[in-house]
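Read the figures in this text as sums done on the coordinates, not as results from a lab. Just so it is clear, the structure is predicted and the values come from calculations on it, not from any experiment. For neighbour counting, all protein chains shown are included, and Cβ atoms are generated from backbone atoms with ideal geometry for every residue, glycine included.
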């Protein structure tokens, strides 16, 4: 497995002859060997290119082998080191024992007679490093897989939450549609029982009162001259005064004639349309127009519902108005 990675070995020795012997001894190994004569040179090399293994010899100079290792490791982090000694006796100051992981291995190798021990020690160290790399890669792979699993789990939770929210929205929409359908069926059944316009408009008003809550309303029908005439006022608990209703519907009639469709109008935002006497009542007042057209371009009447300060009309209210307006228009037209 040594061919999986070419190791970088740094040899530090102050004697040129010894350096060359160490290079020759290590040249048979699958490694790049670089040699330097001093600790200062070694520090410069390590600063630019961190070696995988350091090989040095116990020196008699003021900077001994363990000192070199300590300084290199202080600069570049933990570097495995093999220190050679020509004597089997302990190194001075007790540095023959690897202290705090500074020196990983001491080799008793009388120079230059026995370099096999050095070669074997370095080879074993490189083999251990390769095994360590393999384990590190496996740990890294497992960490990556765990990280991916966490990401996928988080993504799955997010998708599940989104799906749940989508299903809730769909269920709510379906429930609203079913409620609307039931209300329309109920309205149609009662509509055919009405005896005149008063009954029709009262039924429509009560339907919205049940569907959407407190509401007021004004009913208008076209007379013989095709002019819209107020024929009914509704309110809960009672209708507003006639003068108020007349001033309220006057500008709305023109808008509905120009654009006959169910719509919501915020009176406060369109205060310029209304009589100045109504200005104090317009903030918070919303209206919903329901034109009655049995056929396209044939306006026979209209309903204007309004609220003062309560919950404004919604798209669900528009949906109900659009669903019941055509049949209501047919019945009103029949009564003319």
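Multiplying the residue separation of residue 186 and residue 242 by 0.36 nm and subtracting their alpha-carbon distance yields 17.1 nm. To the nearest whole percent, what portion of all C-alpha pairs in region 270-336 is separated by more than 20 angstrom? Counting every Cα pair in region 270-336, those more than 20 Å apart make up 42 percent. Its residue count N fixes a reference of 2.2 N^0.38 Å for region 166-223, and the Cα radius of gyration divided by that reference is 1.42. Its residue count N fixes a reference of 2.2 N^0.38 Å for region 181-336, and the Cα radius of gyration divided by that reference is 0.97. Extension gain, residue 311 to residue 171, is 48.1 nm, computed as 0.36 nm per intervening residue step minus the present C-alpha separation.
Using R0 = 35 Å, the C-beta based FRET efficiency linking residue 15 and residue 135 works out to 0.40. Calculated FRET efficiency, residue 145 to residue 277, Cβ-Cβ distance, R0 = 51 Å: about 0.10 to the nearest 0.05.
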